[in-house]
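Some notes on the structure that comes next.
The values are calculated or read from the model by the stated rules, or taken from the named source; none is laboratory data. The model shown is predicted, which means the values in this text are computed figures rather than measured ones. Glycine also receives a Cβ, built like all others from the backbone with ideal geometry; neighbour counts cover every protein chain displayed. Quick note on the areas: whole protein, heavy atoms, side chains included, nothing else; ligands and nucleic acids left out. Shrake-Rupley method; radii C 1.70, N 1.55, O 1.52, S 1.80 Å.
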Amino acid sequence: VQLQASGGGLVQAGGSLRLSCAASGRTISRYDMGWFRQAPGKERDFVAAISWNRSTYYADSVKGRFTISRDNAMNTVYLQMNSLKPDDTGLYYCAATGTVGGNYRLENEYDYWGQGTLVTVSS
């Protein structure tokens, strides 16, 4: 599976962005998908995940502001980000795992990673 993340950019605090993660090489309908982010000088952290059957999981810091969704017909996963804050700034990565029932919050549960898309939120 190859993953291509896009949709990042520069936005003011309070604004919105929608990230996309387009998959190729294999259908992702049976894969669990996740988004992670890495702020400058920090480790990569879990943001959100969606299981193959559309259960969703969020980091506490984004709950109520971000929404993860998937369109299996388009082989794409989305991350809608609203009410953005400067602390949301970072490189956002999408990831996929074929292992069902793992801990979605852990990086090493994922088998495939995209290249990252940069989100910058100005104050």
### Summary
Using alpha-carbon positions, the gyration tensor of the range 31-77 gives root eigenvalues a ≥ b ≥ c; with a/c under 1.5 called rounded, otherwise prolate if a/b exceeds b/c, else oblate, the class is prolate
### Query
Separation between the residue 6 and residue 123 pseudo-spin-labels, each 7 Å from Cα along Cα→Cβ, expressed in nm?
3.3
#### Entry: Cα-based shape type of the chain, given that a ≥ b ≥ c are square roots of the gyration tensor eigenvalues and the cut on a/c is 1.5
prolate
### Task
Can you tell me how much longer the chain between residue 63 and residue 87 gets when fully stretched, taken as 0.36 nm per residue apart minus their C-alpha distance, in nm with one decimal?
7.2 nm
### Query
Taking K and R as +1 and D and E as -1, what net charge do the other residues with C-beta under 15 Å from the C-beta of residue 107 add up to?
-1
### Query
Please report, for the Cα atoms of the range 1-56, the Rg to one decimal and the Dmax as a whole number; what are they, in angstrom?
13.3, 37
### Message
What is the percent carbon and sulfur in the accessible area of the chain, measuring with a 1.4 Å probe over the protein chains and ignoring ligands?
### Response
46
### Summary
Note on the chain: contact order normalised by length, alpha-carbon pairs under 8 Å, 6 or more apart, percent, works out to 36
### Message
Taking θ = phi - 60°, what integer Hz values does the Karplus form 6.51 cos²θ - 1.76 cosθ + 1.60 yield along the range 31-36, in sequence order, with x for Gly and Pro?
### Response
9, 8, 10, x, 10, 10
#### Entry: Burial ranking of peptide ranges 31-37, 90-96, 68-74 (average Cβ count within 10 Å, highest at the top)
31-37, 90-96, 68-74
### Message
What does the net charge come to around residue 39 if you take all other residues with beta carbon closer than 14 Å to its beta carbon, with K and R at +1 and D and E at -1?
### Response
0
### Query
With a sphere of radius 10 Å drawn around the Cβ of residue 72, what net charge do the other residues whose Cβ falls strictly inside it have (Lys, Arg +1; Asp, Glu -1)?
+2
